[in-house]
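These notes concern the structure reproduced below.
What follows draws every value from the coordinates through simple rules; no lab data is involved. Predicted model, so just to flag it, every value in this text is computed and none were measured. Methodologically, a virtual Cβ is constructed for each residue, glycine included, from the backbone with ideal geometry; neighbour enumeration extends over all protein chains shown.
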Amino acid sequence: MSTENTLEAKVSAATKRKEYREKKEETRKAFKQARFEEAAAGSEGSPSPAPESATPEAVELPRKRFYRQRAHSNPFSDHRLEYPRSPDCMNWSTLYPGYYDEEKSQMTAGVEIADVGCGYGGLLINLAKSFPETLCLGMEIRVQVTQYVEDRIIALRKKHAEDKANFQNISVLRGNAMKFLPNFFRKGQLSKMFFCFPDPHFKQRKHKARIITNTLLSEYAYVLREGGVVYTITDVHDLHEWMVKHLEEHPLFERLDEAWEKQDKCVQLMWNSTEEGQKVSRNKGDKWIACYRRLPTPDDCD
Ligand SMILES: C[S@@+](CC[C@H](N)C(=O)[O-])C[C@H]1O[C@@H](n2cnc3c(N)ncnc32)[C@H](O)[C@@H]1O
């Protein structure tokens, strides 16, 4: 194939991906806040006909290949992220419409579980089924990957609108978990935080970009309640040792032993439900787990 043809093929594929995502964006805008029984009923007889991509029929599971994005995003760049001034200013109703009481104008539950760097959302989907009454949030820095997860959740909400596990309890937010976490969550709000196959940042000069550092652990300890758990899993042994070292050194975390890991359902979930975990399994790679309990804050630190 000539260079010209290759270039043409690349441009055509990129245009196709863009067009697909633009259609999906219309669907997302129309149904992001939908509870679905109402959305389907509401769209009939609406005064101005909605574009085809914004009708309930258009809501279907997204195709991942249209959302692929470069693997690494620099957590230190300015991503022009939106974040609330404080947790009280955060409008969660747009992310969890099924948990918003319109009469009282308030949420009926708060986020308790965070999947940090959730990627394509495999763990979130499983958490939705295992904890159907608990609000779970994925945080993801890459735009298109976040959009894929949003579209996936919208499609699942529509498909399972009548089921007990109706996916109204999971959502995703584009954000940098290394910044602004206390802007989203109150002190002690979370019961579990997952760090599944975080970016390894292999080179020594890039270690400061790792998602587990002394400073960040203090922020995680702040948003985690006493007894809450930090879950980590990776296929990179050096990164596992790094995470264990930093968690061991932090006074507010204590490692949970293998017996605890064996009986904990979230450990089973994170082993194979994330896209990265499944890839490691397919390639017959090793996986290392470390889970830590958030200890009570000593009285003189409060
Ligand atoms: C190797 S992937 C793993 C994704 C997913 N947890 C899994 O196991 O399939 C790491 C993910 O973390 C995201 N990420 C990296 N740094 C982040 C940050 N500071 N805040 C939020 N997400 C981040 C990346 O964009 C990427 O999607």
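Using the Kirkwood radius over C-alpha pairs as Rh, can you work out the diffusion coefficient of the chain via Stokes-Einstein at 20 °C, viscosity 1.002 mPa s, in µm² per second?
Here the translational diffusion coefficient equals 103 µm²/s.
Computed on the Cα atoms alone, the convex hull of the stretch 150-302 gives a volume of 151 cubic angstrom per residue. When the Gaussian network model of the chain links Cα atoms closer than 10 Å, the mean-square fluctuations of 130, 77, 86 top out at 77. The DSSP beta bridges internal to the chain are antiparallel in roughly 35% of cases.
Here the spin labels are modelled as points 7 Å beyond Cα on the Cα-Cβ line, and at residue 7 and residue 29 they lie 3.4 nm apart. Extension gain, residue 143-residue 203: 0.36 nm per intervening residue step, less the Cα-Cα distance, totals 19.1 nm. Treating r as the C-beta distance of residue 265 and residue 64 and R0 as 25 Å, the FRET efficiency rounds to 0.40. Helical runs (DSSP H, four residues minimum) scored at -39500 (n - 2.57) apiece and divided by the length of the chain put the mean residue ellipticity at 222 nm at -11000 deg cm²/dmol. Given R0 = 51 Å, the distance between the Cβ atoms of residue 284 and residue 88 translates into a calculated FRET efficiency of 0.60. GNM remark for the chain: springs join alpha carbons under 10 Å apart, and the peak mean-square fluctuation among 84, 198, 132 falls on 84.
FRET efficiency for residue 215 and residue 109, Cβ-Cβ distance as r, R0 = 30 Å, nearest 0.05? So the FRET efficiency works out to roughly 0.50.
The angle separating the long axis of helix 237-249 from the principal Cα axis of greatest extent in the chain is about 60 degrees.
Of all lysines in the structure, those lying under 18 Å Cα to Cα from residue 23, and not within fewer than 8 positions of it along the same chain, are 32, 64, 158.
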